[in-house]
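The values are calculated or read from the model by the stated rules, or taken from the named source; none is laboratory data. All values derive from a computational prediction rather than experimental measurement. Quick reminder, even Gly has a Cβ in these numbers, built from the backbone with ideal geometry, and neighbours come from all protein chains shown. What goes into the accessible areas is simple: the full protein's heavy atoms, side chains included, and nothing from ligands, DNA or RNA. Shrake-Rupley method; radii C 1.70, N 1.55, O 1.52, S 1.80 Å.
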Amino acid sequence: MKIATWNINGVRARIENLVAWLKQSSPDIVCLQEIKCQDDAFPRLEIEALGYHVETHGQKSFNGVAILSKLKPDAVNRGLPGDEADEQARFMEAVFSVEPGKIRVCSIYLPNGNPADDPVKYPYKLAWMARLEAFARDRLALEEPLVLAGDYNVIPEPHDCWDPTVWAKDALFLPQTRQAFRRLENLGLTDAVRATADDVPLYTFWDYQAGSWQKNWGIRIDHLLLSPEAADRLTGTAVEKDVRGWEKPSDHVPVAGYFNF
DNA sequence: ATGACCAATAATATTGGA
């Protein structure tokens with residue numbers, strides 16, 4: 001089974017790329033982020049025509065996540081627990097029945113947090129990460145295959161960006177951000193890409209500005225974190241960077257994990 | 001060459017992204 005995550009940066013602006021990529025890559029489950037539309041505006045017919053089920057959790061203009069899957073999910077939960085007042089659509093969970101049992105897949109669009117000195121944005125990011133940690137702790141207790149896939153807006157290590165000095169004071173790379181990410185990993189979650197690839201650099205995002213793609217000024221911020229039961233069945237990963245060179249690309253590329261279930 | 005992004009919005013500038 002192939003499970004992928006992709007920050008699409010506007011699903012309506014990117015529908016042709018999405019259809020072409022689904023045909024080329026043929027993932028079984030896809031977690032999308034930044035669909036940037038409400039549920040009823042999601043171009044579901046084009047996706048369903050390829051044989052995928054479509055579950056969305058959108059909002060107007062910004063944010064928004066989705067899960068596309070060849071299998072129909074048994075259950076879907078929308079929103080990250082822990083703050084009833086949070087109206088930003090950044091999280092959903094789907095449960096699937098496979099051989100030999102249940103698997104859980106979450107689509108995550110973790111807050112950016114910049115500017116880091118903003119009185120609201122960076123604390124919101126850290127609070128969101130604390131909620132995600134609590135959620136992961138809860139789900140790990142189930143001892144099931146769990147894939148937390150998405151745009152984490154976290155650069156885990158200095159070699160995961162082009163120039164650490166440029167990112168030193170950025171919300172994606174501040175010590176508190178990296179510390180919170182390590183707390184997640186220390187629950188027993190495995191960074192799938194790093195478990196299967198030592199490549200440095202290995203980026204998943206290149207800014208639209210200043211010819212960053214051409215110069216390979218990228219960062220690695222899209223991750224699949226796996227429970228032990230999922231990590232045990234991981235056979236490989238792929239960062240599908242050719243997609244960044246397509247016409248009218250997203251600034252992120254798909255990241256996929258292969259599993260023997 | 002001294003250059004310069006993109007999506008969405010009741011929008012011809014602004015906001016948010018990273």
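In terms of the mean number of neighbouring beta-carbon atoms within 10 Å, the peptides A:172-178, A:5-11 order highest first as A:5-11, A:172-178.
A:Lys121 contributes an accessible area of around 100 Å² to the protein surface, as traced by a 1.4 Å probe with all chains present.
For segment A:150-261, a crude dipole built from +1 on the beta carbon of Lys and Arg and -1 on the beta carbon of Asp and Glu, taken about the Cα centre, is about 180 debye to the nearest 20. Taking every DSSP bridge with both residues inside segment A:2-259, close to 80 percent are antiparallel. Cross-link partners for A:Lys102 among the aspartates and glutamates, with Cα-Cα distance under 19 Å and sequence neighbours closer than 8 places in the same chain left out: A:Asp28, A:Glu55, A:Asp74, A:Glu93, A:Asp138, A:Glu143, A:Glu144, A:Glu229, A:Asp232.
Taking the three principal axes of the alpha carbon atoms in segment A:2-259, the coordinate ranges are 45, 43, 39 Å, sorted in descending order. Of the cross-linked pairs A:Lys60/A:Lys248; A:Lys70/A:Lys215; A:Lys121/A:Lys215; A:Lys2/A:Lys241; A:Lys23/A:Lys72; A:Lys23/A:Lys169, those separated by over 28 Å at the C-alpha level are A:Lys70/A:Lys215; A:Lys121/A:Lys215; A:Lys23/A:Lys169.
Placing +1 on the Cβ of every Lys and Arg and -1 on the Cβ of every Asp and Glu, with no other charges, gives segment A:137-212 a dipole of roughly 300 debye about its Cα centre.
Amide hydrogen proximity for A:Met92: with H placed 1.01 Å from N in the peptide plane, the residues at 5 or more positions away or on another chain lying under 5 Å are A:Gly79, A:Ser107. Among the GluC sites (Glu not before Pro) within segment A:131-209, those in coil by DSSP and having at most 15 neighbouring Cβ atoms inside 10 Å are A:Glu143.
Counting only Cα atoms, the size of segment A:148-259 along its three principal axes is 41, 31, 21 Å, in decreasing order. In this Cβ point-charge picture (+1 for Lys and Arg, -1 for Asp and Glu), segment A:2-259 has a dipole of about 180 debye about its Cα centre. Structure remark: mean-square fluctuation, Gaussian network model of chain A, C-alpha springs under 10 Å; the largest value among A:Ala238, A:Ala141, A:Ala195 belongs to A:Ala141. If you take all other residues with their beta carbon under 14 Å from the beta carbon of A:Tyr258, and give Lys and Arg +1 and Asp and Glu -1, the sum is -1. Amide H contacts for A:Asn7 (H built 1.01 Å from N in the peptide plane; partners 5 or more residues away or on another chain; cut-off under 5 Å): A:Gln33. Of A:Asp198, A:Asp118, the residue with the largest accessible area leads and the full order is A:Asp198, A:Asp118 (1.4 Å probe). Here segment A:211-261 and segment A:49-119 have alpha carbon centers that stand 18 Å from each other.
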